[in-house]
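Everything below concerns the one structure shown next.
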Amino acid sequence: MQHNKEMENLLSGLMVLDLADEKASFCSKLLADMGASVIKVEKPAGDSSRKIGPFWKNLPHPERSLFFSYNNTNKRGITLNLEHSAGKKIFLKLVQKADVIVETFPPGYLKELDIDFEVLRKVNPRLILVSVTGFGQSGPRINYKTCDLVVSAYGGQMYVCGSHDSSPLKAFGEQSYYTSSLYAAIGVLLGLRKRSLTGRGEHIDLSAQEAVVSTLEHVMVRFFYEHVIPKRTNTVYWNRSFCILPCKDGHILMTPFQHWESLIGWLATENMAEDLEDKRWLNQDYRLSHLDHIIEVLQRWTRSHTTRELFHLGQLMGFPWAPVQSPKDILKCPQLKARRFFIDVDHAEFGTSVRYPYLPYKSSRFFRKQIKRAPSRGQDNHQIYREELGLSEKDLEELVSMGAI
């Protein structure tokens with residue numbers, strides 16, 4: 001293996017075919033960020049996630065989707081019609097070279113096209129196929145329609161989000177799909193490890209519902225062992241160890257019970273402890289049963305301070321407090337600036353650069369040092385089909401005319 005700068009990436013030399021839509025495009029993005037050569041394979045009309053906003057300058061267009069742009073950085077892109085016989089032949093040529101395929105088609109779709117795992121493994125015995133679907137490849141719900149909202153609801157995540165006196169709420173953004181993508185990326189790495197020992201690939205069947213359920217740590221554990229169904233708790237954490245309270249300029253996440261005497265002593269120096277200095281409040285059970293009153297008193301105190309004041313003084317006293325930061329605050333965050341978490345990616349078609357979140361882990365080597373923008377539709381057709389698969393210009397023209405690419 002070469003040891004130049006381009007090859008100093010953890011997954012250098014690994015080829016990934018990305019057939020995923022919004023359900024798992026973040027998975028292949030993670031692999032690309034770790035150095036894998038990822039080829040985004042889209043239908044000739046383009047991937048469905050190109051229609052997802054927000055859009056650059058609020059102008060809807062397949063090449064202006066910021067959702068697509070973020071989830072497909074560091075990838076190359078081709079168009080290919082898997083339902084066309086000629087397109088299928090080209091796909092199988094790519095499969096011969098590939099290490100991993102990430103796909104999100106409905107269960108049974110690849111079998112209908114005669115390119116399911118049993119066929120693909122004969123073409124390439126070392127291939128790792130990752131299938132990310134709403135409910136997996138087996139069970140009575142495999143053919144049910146799904147989206148991020150459905151997975152959040154059916155996976156139990158939505159039930160515990162929101163206020164106790166209102167309907168359940170979905171977590172912001174495509175959190176169910178991002179959770180699935182993280183598990184899918186881990187599955188790929190485990191599959192690669194197993195392949196290094198056995199020499200064989202495998203089919204990884206990932207259920208988005210199961211991925212979401214697996215993250216509901218206190219919800220499921222409490223139900224298993226205490227037979228308690230957790231209720232939505234507004235701004236108070238499920239075990240009452242944290243709460244979110246208003247300040248002069250925003251909100252602060254704080255611990256109402258940790259180091260109780262120190263906290264009340266702090267309030268007392270400002271003459272805002274009210275009755276919380278009474279000895280009865282030293283009893284933890286009494287505090288837990290009268291939490292509403294404690295919150296009322298603490299809110300009157302926090303409203304007299306800025307988030308910055310409480311954050312820094314609280315941390316100096318050893319309290320794990322933090323301001324609830326808005327996206328604007330995040331961009332200005334001195335911690336993220338110091339770690340150079342955000343990176344500017346050039347978008348010539350926009351006439352400017354766009355700021356992206358970078359990798360959340362640091363390493364002196366083995367990870368990409370920069371981010372390339374997502375490919376435009378069919379951007380790398382010529383390079384991959386002509387230079388890497390050896391097709392002629394005439395071949396390409398014919399394939400385009402028949403709708404194969």
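The values are calculated or read from the model by the stated rules, or taken from the named source; none is laboratory data. Because the structure is predicted, anything quoted here is derived from the model rather than measured. Here Cβ is always computed from backbone atoms with ideal geometry, including for glycine, and neighbour counts include all displayed protein chains.
Observations on the model:
- Qualifying residue in the range 371-383 (condition: farther than 20 Å from Leu66 by Cβ, part of a loop (DSSP other than H, G, I, E, B) and in contact with a helix residue (DSSP H, G or I) (Cβ under 9 Å, 6 or more places away or on another chain)): no
- Hits in the range 270-298 (condition: surrounded by 12 or more Cβ atoms within 10 Å (Cβ to Cβ) and either at positive phi or outside any helix (DSSP H, G or I) (or both)): Met272, Ala273, Glu274, His290
- Scan of the range 239-269 for residues that are hydroxyl-bearing (Ser, Thr, Tyr) and either surrounded by 13 or more Cβ atoms within 10 Å (Cβ to Cβ) or outside any loop (DSSP other than H, G, I, E, B) (or both), ordered by number: Thr255, Ser262, Thr269
- Residue pairs whose Cβ atoms lie under 9 Å apart, separated by 6 or more positions or on different chains, with the first residue in the range 246-261 and touching a residue at least 12 places away in the same chain (Cβ under 8 Å) and over 21 Å from Leu288 (Cα atoms) and the second of a type in the set (A, V, I, L, M, F, W, C) and part of a loop (DSSP other than H, G, I, E, B), are Gly250/Val324; His251/Val324.
- Selection count, the range 123-134, where residues are in contact with a Lys or Arg (Cβ under 9 Å, 6 or more places away or on another chain), assigned to a strand (DSSP E or B) and either surrounded by fewer than 23 Cβ atoms within 10 Å (Cβ to Cβ) or among the β-branched types (Val, Ile, Thr) (or both): 3
- Selection count where residues are free of Cβ contacts under 8 Å to residues at least 60 places away in the same chain, part of a helix (DSSP H, G or I) and β-branched (Val, Ile, Thr), scope the range 299-311: 1
- Residue, surrounded by the most Cβ atoms within 10 Å (Cβ to Cβ), within the range 379-405, restricted to residues that are of a type in the set (A, V, I, L, M), more than 33 Å from the chain's Cα centre (by Cα) and within 19 Å of Lys97 (Cβ to Cβ): Leu399
- Candidate set: the range 171-189, residues that are in contact with a strand residue (DSSP E or B) (Cβ under 8 Å, 6 or more places away or on another chain) and aliphatic (A, V, I, L, M); chosen: the one farthest from Val160 (Cα to Cα): Val188
- Of all residues in the range 96-136, those satisfying the criterion of being over 29 Å from Asp148 (Cα atoms) and of a type in the set (Val, Ile, Thr) are Val119, Val123.
- Residue check, Ser167 of a type in the set (Ser, Thr, Tyr), free of Cβ contacts under 8 Å to residues at least 12 places away in the same chain and not in a strand (DSSP E or B): yes
- Which listed residue, of Leu149, Leu120, Leu110, is in a helix (DSSP H, G or I), loosely packed, with under 15 Cβ neighbours inside 10 Å and hydrophobic (A, V, I, L, M, F, W, C): Leu149
- Residue check for Asp99: among the charged types (D, E, K, R) and in contact with a strand residue (DSSP E or B) (Cβ under 8 Å, 6 or more places away or on another chain): yes
- Subset of the range 195-217 (residues that are loosely packed, with under 15 Cβ neighbours inside 10 Å, part of a helix (DSSP H, G or I) and either on the phi > 0 side of the Ramachandran plot or over 21 Å from the mean Cα position of the chain (by Cα) (or both)): Ser196, Leu197, Thr198
- Among the criteria (1) at pLDDT 95 or above; (2) surrounded by 14 or more Cβ atoms within 10 Å (Cβ to Cβ), the one Pro230 does not fulfil is (1).
- Leading residue by the ranking (surrounded by the fewest Cβ atoms within 10 Å (Cβ to Cβ)) among those in the range 10-21 that are in contact with a helix residue (DSSP H, G or I) (Cβ under 9 Å, 6 or more places away or on another chain) and at pLDDT below 95: Gly13
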